[in-house]
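Enquirer: Dropping the structure in here first, questions after.
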Amino acid sequence: MAFLDRFLEMVYVNAIAYGRWQMFMDGLVITLQITAGAAILGVIIGLALTFFKMSGILPLELFAKLYISVIRGTPVVLQLLIINATIFATARGMGVWVGIVAFGINSGAYVCEIVRAGIQSIDKGQTEAGRSLGLSSRQTMSFIVLPQAVKNILPALANESIILIKETSIVGFVAVADITRVSQQISSRTFNVMPMFVAAVFYLVLVSILTFFLSKLEKKLRESDVR
Amino acid sequence: MISVTGLNKHFGKLHVLKDINATIERGEKLVVIGPSGSGKSTFLRCLNLLEVPSSGEVVIDGGRITAKGVDVNKVRQKMGMVFQQFNLFPHLKVIENITLAPIKIKNMSEGEAARIAEALLEKVDLIDKRDAYPAQLSGGQKQRIAIARALAMTPEIMLFDEPTSALDPEMVGEVLQVMEDLAGEGMTMVVVTHEMGFAREVGSRLFFMDQGQLIEEGTPKDIFAAPKHERTQSFLKKVLRA
């Protein structure tokens, strides 16, 4: 029993006492804010990039290509630091926004690839069938290709959001007190590794919740495949 | 009704259609045969501009559809197409597959479109599959639905691109039956096929194509009985022995 007592005391000191529980909650809120904001911004940027890529207008296509290769070709930590030091150089107390913009810009490149792959995964015969009936290319895209592409896109997007949650843990690099950063701060007070485990449990729970909804979503989307 | 002059098609360096000239009259059932890679499907796809000809003209009902600025969608509404791989829309129910184009293009009400679709489903004998999804159908059923889908736009011409080639042998008959019925109603049809029996019995005219050229044309009876060209002879010898 002595071990259990010691363990519980350790949890108490590292995660609950001295308002540390509140610190964790504040960190959780910040992690969630950054994730949600970046996810929304990422989808908007990703869709815009997809539209650029498929527009047939050369400058737009080149822009999208360049954007994606730069974002995917450089570390996200660096992107975060650069955005903090440029766009938000003079702003104070805007840490959450730095995170949203940095991770949103980063996520946009991946979302674009997800959407493009989803559209391209639809057999060319589907487009041909639509066009042969006399539907315009826009009608074919919106009534035939996109509804099918969504089936491949949505699960991949949910997956991207799972990646995003974990990725935001580096936002501490620009002094934003997200859950990872909070755990580090407490840990340096208590000289104990326990707060980091607490943070890990938070991430695990968040990801598990998302995964649960993701699998429900996939099941729902497969309804028309049932034989 | 359709006249094709000097039609050429290149895929990069590949010259797949070589100077095709042809006319198709209203009510005709033109059957196109030939070895694979002979350009028969490409020829068919040039008729509704799924492939854009590299040069040459296609004129339908006096309108030059290969001219610049032609509304391709309008042209295609008059021509139904049936594909080898069916290409039903898997995310839509059978009935929605058929009503989609009439609702979106002709601004038909859902009720009216459904009524027409149900009549067509009766015709292809699949009314009991009204609310099924394509994944629940056999190949033959899918193809009959695909024919109904094309007919829902009340086309004047029906193009068939090897409609039975992807089917299990026991399902070929039901699809050919629907096509035969359609021919009996006077529909203008262009059929690319390997079904020699269908070509002989339903076709009113036959094209034999090889290596991108239109080698021989005539009535199926004449060509099957006495092919003039040596390439036609050797092709028919191979396929009819089977």
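Coordinate-derived values only; no laboratory data. Bear in mind the structure is a predicted one, so any value in this text is a computation, not a measurement. Backbone-built Cβ (ideal geometry, glycine too); neighbour counts: all protein chains shown.
Enquirer: Strictly over 28 Å apart at the Cα level, which of A:124/B:93; A:53/B:40; B:129/B:221 would you flag in this model?
Expert: A:53/B:40; B:129/B:221, as the Cα separations exceed 28 Å there.
Enquirer: Taking the Cα centre of chain A as origin, work out the dipole magnitude from +1 charges on Lys and Arg Cβ and -1 charges on Asp and Glu Cβ, in debye rounded to 20.
Expert: The calculated dipole for chain A is roughly 300 debye.
Enquirer: Under the rule of -39500 (n - 2.57) per DSSP H run of 4 or more residues, summed and divided by the residues of the protein assembly as shown, what mean residue ellipticity at 222 nm is obtained, to the nearest 500 deg cm²/dmol?
Expert: -18500 deg cm²/dmol
Enquirer: Which of rounded, prolate, oblate describes chain B, given a ≥ b ≥ c as roots of the alpha-carbon gyration tensor eigenvalues and a/c under 1.5 marking rounded, otherwise prolate only if a/b is larger than b/c?
Expert: Oblate, since a/c reaches 1.5 and b/c is not below a/b.
Enquirer: Using alpha carbons only, how many degrees (0 to 90, rounded to 10) separate the axis of helix B:94-106 from the longest principal axis of chain B?
Expert: For helix B:94-106, the angle is close to 80 degrees.
Enquirer: In chain A, with Lys and Arg counted as +1 and Asp and Glu as -1 at Cβ, which of these residues, A:180, A:50, A:24, has the Cα nearest the positive end of the dipole, that is, farthest along it?
Expert: The listed residue farthest towards the positive side: A:50.
Enquirer: Please return the longest stretch of chain B lacking exposed loop sites, where trypsin sites (Lys or Arg not before Pro) count only if DSSP places them in a loop and at most 11 other Cβ atoms lie within 10 Å.
Expert: In chain B, the maximal stretch lacking such sites is B:69-242.
Enquirer: With unit charges on the beta carbons (Lys and Arg positive, Asp and Glu negative) and the dipole taken about the Cα centre of the protein assembly as shown, which residue among A:209, A:4, A:97 sits farthest to the positive side?
Expert: Checking the options against the dipole of the protein assembly as shown, the answer is A:97.
Enquirer: What lysines sit close enough to residue A:219 to cross-link, taking a C-alpha to C-alpha distance under 16 Å and skipping anything fewer than 8 places away on the same chain?
Expert: Excluding near neighbours in sequence, the set is A:151.
Enquirer: Let me ask another. Can you give me the long-range amide H partners of residue B:32? Hydrogens built in the peptide plane at 1.01 Å from N, cutoff under 5 Å, separation of 5 or more residues or another chain.
Expert: Amide H neighbours of residue B:32: B:191, B:192, B:193, B:207.
Enquirer: Which one, A:198, B:240, B:219, is farthest towards the positive end of the dipole of the protein assembly as shown when Lys and Arg carry +1 and Asp and Glu -1 on their Cβ?
Expert: Most positive-ward Cα: A:198.
Enquirer: Please work out the C-alpha center-to-center distance from segment B:171-242 to segment B:33-86 and express it in whole Å.
Expert: 19
Enquirer: Let me ask something additional. When chain B is treated as a GNM, springs tying every alpha-carbon pair under 10 Å, which of B:135, B:183, B:199 comes out with the largest mean-square fluctuation?
Expert: B:135
Enquirer: Using DSSP H assignments, which helices in chain A have an axial alpha-carbon span of 18 Å or above and a mean Kyte-Doolittle hydropathy of 0.5 or higher?
Expert: Going by DSSP H runs, the hits are A:20-53, A:58-73, A:95-120, A:146-167, A:194-221.
Enquirer: Mind checking the angle between helix B:169-184 and chain B's longest principal axis? C-alpha axes, 0 to 90 degrees, to the nearest 10.
Expert: Computed tilt is about 90 degrees.
Enquirer: Evaluate the charge dipole of chain B about its Cα centre and quote only its size in Debye, nearest 20, assuming +1 on the Cβ of each Lys and Arg and -1 on the Cβ of each Asp and Glu.
Expert: With only Lys, Arg, Asp and Glu charged at Cβ, the dipole is about 700 debye.
Enquirer: For each pair in B:9/B:68; B:29/B:123; B:13/B:78, compute the distance between the two Cα atoms and list the pairs where it is over 27 Å.
Expert: From the list (B:9/B:68; B:29/B:123; B:13/B:78), the Cα-Cα distance tops 27 Å for B:13/B:78.
Enquirer: Moving on to the next point. Using only alpha carbon pairs under 8 Å that are at least six residues apart, calculate the relative contact order of chain B and give it in whole percent.
Expert: Relative contact order, chain B: 27 percent.
Enquirer: Under a straight-distance cross-link criterion of Cα-Cα below 16 Å, which aspartates and glutamates are reachable from residue A:216, leaving out those fewer than 8 residues away in the same chain?
Expert: A:225
Enquirer: How far is helix B:139-151 tilted, in degrees, relative to the longest principal axis of the Cα atoms in chain B, given as a value from 0 to 90 rounded to the nearest 10?
Expert: It is inclined by approximately 90 degrees.
Enquirer: Using +1 on the beta carbon of Lys and Arg, -1 on that of Asp and Glu, and nothing else charged, what's the dipole of segment B:166-242 about the Cα centre, debye to 20?
Expert: 520
Enquirer: Next question, about the same structure. Using Cβ contacts closer than 10 Å as the measure, can you line up B:232, A:127, B:23 from fewest to most?
Expert: B:23, A:127, B:232
Enquirer: A further question on this structure: Using Cα pairs closer than 8 Å and at least 6 residues apart in sequence, work out the relative contact order for segment B:71-195, in percent.
Expert: So the answer I get is 35 percent.
Enquirer: By a straight-distance test (C-alpha under 20 Å), which aspartates and glutamates pair with residue B:104 as possible cross-link partners, with residues fewer than eight away in the same chain excluded?
Expert: A:128, B:71, B:96, B:112, B:118, B:131, B:156
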